[in-house]
1. Can you compute the charge dipole magnitude of the chain about its Cα centre, using +1 on each Lys and Arg Cβ and -1 on each Asp and Glu Cβ, nothing else charged? Give it in debye, rounded to the nearest 20.
2. Just to be sure I understand, if you calculate Cα Rg over 2.2 N^0.38 Å for this structure, which of [x] 4.31; [y] 1.52; [z] 1.36 do you get?
3. With the dipole of the chain worked out from charges on the C-beta (+1 for Lys and Arg, -1 for Asp and Glu) around the Cα centre, which of Pro39, Gln103, Ala143 lies farthest toward the positive end?
4. For the chain, take the longest principal axis of its alpha carbons; what is the angle in degrees between that and the long axis of helix 38-150, to the nearest 10 within 0 to 90?
5. Once Lys and Arg get +1 and Asp and Glu get -1 on their Cβ, which of Gln157, Ile120, Ser57 lies farthest toward the positive end of the dipole of the stretch 34-171?
6. Would you work out what percent of the accessible area of the chain, with all protein chains in place, is carbon or sulfur (probe 1.4 Å)?
Amino acid sequence: MTSLFILSGLTEPGVGLIFWTSIVFLLLVGILGKFAWKPILSAIKTREQDIEKALASAERALKDMRELKAANEVILNQARAERDTLLKEARDTKEAIISEAKQRAQSEADRIMSGAREQINVEKNAAVAELKKQVAVLSIEIAEKILKSELSNDEKQKALLSNLMKDVNLN
């Protein structure tokens, strides 16, 4: 039983112990409140403000990023539109140059063909004229030879003259 008595004394605190424990606790709370809690609460408040500022800054940065992305999208669309316009103009210019070159080539070919036709006609006319000249010369030579052989005696000359006279009288 003695052991129970000893144990019950340890479990039931005395009035003096409660008093001194309370005073030490209040002193500790006061000292901590003055020297530790104010700086801790101040640091927590500062940290909280810093976090709020960082969140606000992050929100602004996110908003700025969205605005920049939208602006970049607009610029990119404008650049694409300009590129498409330039490509269309380049295609149109290319087609115009090709068309002009074809027209020039066709007109040059027509001019060359016309010149060749004219040259052919000139050469053909010259050849025909030369042929006529040669035919005329040959005809004269043949007629001369025929006349020489026909007019070699006097009787043939008289017959030819009378035939010619009859032709002249009839005309």
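1. For this selection, approximately 420 debye.
2. Matching the structure shown: [x].
3. It is Pro39, whose Cα lies furthest towards the positive end.
4. The helix 38-150 is inclined about 10 degrees to the chain.
5. Ranked along the dipole, the leading option is Ser57.
6. 65 percent
The values are calculated or read from the model by the stated rules, or taken from the named source; none is laboratory data. If you're wondering where the values come from, they're calculated on a predicted model, not measured in any experiment. Here the Cβ is made from the backbone with ideal geometry for all residues, glycine too, and neighbour counts use every protein chain on show. Remember, those area values only see protein heavy atoms, side chains included, never the ligands or the DNA or RNA. Shrake-Rupley method; radii C 1.70, N 1.55, O 1.52, S 1.80 Å.
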